[in-house]
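As structure tokens, the structure follows; a few thoughts come after it.
The values are calculated or read from the model by the stated rules, or taken from the named source; none is laboratory data. Since the model is a prediction, treat every value here as computed from it, not as a measurement. Don't worry about glycine lacking a Cβ; one is built from the backbone with ideal geometry, like all the others, and counts go over all protein chains shown. Surface areas here come from the heavy atoms of the whole protein model, side chains and all, with no ligands, DNA or RNA. Shrake-Rupley method; radii C 1.70, N 1.55, O 1.52, S 1.80 Å.
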Amino acid sequence: MDDEHMSTHTALVRLSSAMTALTCAVTVSVGSAGSGTAARPPVQDLVSPRTVPGAAQLSQDAHGVRFHTAGVADVRTGRPIRPMDRFRVGSITKTVIATVTLQLAAERKLDLDDPVTAHLPAPTAALLPCPGDSDSRAPGCRISVRQLLTHTSGLFSYTDDRAFFRRFFGPGFTTHRFETHKPDALVRTALAHPPYAAPGERYRYSNTDYLLLGMVIRQVTGRSYAAEAHRRIIAPLHLTGTSFPGTRTRLPSPHGRAYTTTGTTTGTTTGTPTSSSRTADATELNPSSAGAAGELVSTLPDLNRLFGALLRGTLLPAPVLRQMRDTTDSYGRYGMGLFPVRLPCHRTLWGHNGEISGSYVQTLGTTDGRHLVSYRVNSDAPVDAAAERALLTAEFCPKA
């Protein structure tokens, strides 16, 4: 391996001390409901009296760091959300998994156009379907690593299995929340369904893709995706509030509570609930049902630091970062663990969102990673899309 492909990890180690000093020098200002004559923070509009108890936003740019919170972290005690609270970040896990995979590609330990069957355990590789061919090992079976990263594999998402969804993310959540899931069993759930499309034919978001990438990382490195992500990203960036819990059901302290709405449809951010709903405390759960597609725990400051480092090019060589943001295969919708958000003021942000029982979060930043926002709610109820747009417009679009 030449020096060019060894440079990413060593550069992280050298830069970590400087990043720590920079973060410690920032002053955080806090705003909340009822804060005198101050302008109303847009994050307050993410709170809903029935279904979303609390919300928080952490922004940072050249002018400093700003933290705003609304509602409560705990409906029983009235405790507010705090900046360093740990919470589940759902599919933001995919950004970390994609980054590790792209680092391995930059180090020539795999090629993005390799068939994924070349980097999977043999029993799993043998299961992958080939449209029109029952033998997944046939030459025509060409689901590539790239197609997993860009959600163009065509593979059915295991979370779209109706029985699985109802049991673990829907009405059955409270009964089944502590059950452990093995990645290969989740893949088998997905492969019990026909593919959405042939490999590379079209974009379709699939949690199965990133379960498989977690297996790829283990097969290539000999270490779990969690261990490899900790070694390459979490430890060098000093993301002290970030962890892969595996099957651990409790959140690390400090944390508030998380609430799930079992009477409304989850998994969308296109509107507010239209039917009456009941809420349940979802703070404790076994996140192995999400695995490499969504098990990560983090904090708002850690998410800003992670995406800032990624977008500035600290984690990946510049050509690889350009690949990560290339949305050609998805017709502008998704790159590799990142997606673009285009604002009315013609600015384009890059980041990812995540949802899991009891939590929704999104982190976005400018292309250079110098202006970032992470915001979250402590519920999986659908967040009002207009409120999200208003928050982002207020944060990133210059006032006339």
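Going by the structure shown, is residue 65 assigned to a strand (DSSP E or B), within 27 Å of residue 234 (Cβ to Cβ) and out of contact with any Leu (no Cβ under 6 Å at 6 or more places or on another chain)? So that I can check it myself, show each step before the final result.
Values: assigned to a strand (DSSP E or B): yes; within 27 Å of residue 234 (Cβ to Cβ): yes; out of contact with any Leu (no Cβ under 6 Å at 6 or more places or on another chain): yes.
For residue 65, the condition - assigned to a strand (DSSP E or B), within 27 Å of residue 234 (Cβ to Cβ) and out of contact with any Leu (no Cβ under 6 Å at 6 or more places or on another chain) - is met.
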Options 219, 147; residue that is buried (at least 20 other Cβ atoms within 10 Å of the Cβ) and over 30 Å from residue 279 (Cβ atoms): 147
Considering only region 171-193, state which residues are assigned to a loop (DSSP other than H, G, I, E, B), free of Cβ contacts under 8 Å to residues at least 60 places away in the same chain and either crowded, with 23+ Cβ neighbours inside 10 Å or of a type outside the set (A, V, I, L, M) (or both). 172, 193
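Looking at this structure, is residue 256 part of a loop (DSSP other than H, G, I, E, B), on the phi < 0 side of the Ramachandran plot, small (Gly, Ala, Ser) and at pLDDT 95 or above?
Values: part of a loop (DSSP other than H, G, I, E, B): yes; on the phi < 0 side of the Ramachandran plot: yes; small (Gly, Ala, Ser): yes; at pLDDT 95 or above: yes.
Yes; evaluated as a whole, the condition is true for this residue.
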Could you list, ordered by first residue, the pairs with Cβ atoms under 9 Å in which the first is in region 317-339 and more than 22 Å from residue 197 (Cα to Cα) and the second is of a type in the set (Val, Ile, Thr) and open to solvent by 60 Å² or more (accessible area, probe 1.4 Å), at least 6 apart or interchain? 325/367
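Yes/no matrix, rows are residues, columns are (1) at pLDDT below 70; (2) farther than 20 Å from residue 260 by Cα:
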| site | (1), (2) |
| --- | --- |
| 23 | yes, yes |
| 33 | yes, yes |
| 38 | yes, yes |
| 55 | no, no |
| 67 | no, yes |
So residue 115, is it farther than 17 Å from residue 324 by Cβ and under 21 Å from the mean Cα position of the chain (by Cα): no
Could you please find all residues in region 277-293 being touching a strand residue (DSSP E or B) at 6+ places or on another chain (Cβ under 6 Å) and on the phi > 0 side of the Ramachandran plot? none
Just give me the residues in region 345-400 being open to solvent by less than 30 Å² (accessible area, probe 1.4 Å) and among the β-branched types (Val, Ile, Thr), in sequence order. 356, 361, 363, 366, 373, 377, 383
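I want to confirm something. Restricting to region 126-144 and keeping residues that are aliphatic (A, V, I, L, M) and open to solvent by less than 10 Å² (accessible area, probe 1.4 Å), which single residue is modelled with the highest pLDDT?
Once the filter is applied, the top-ranked residue is 143.
For residue 198, are the conditions met, namely being among the hydrophobic types (A, V, I, L, M, F, W, C) and open to solvent by 40 Å² or more (accessible area, probe 1.4 Å)? Break it down stepwise before answering.
Numbers: among the hydrophobic types (A, V, I, L, M, F, W, C): yes; open to solvent by 40 Å² or more (accessible area, probe 1.4 Å): no.
Answer is no for this residue.
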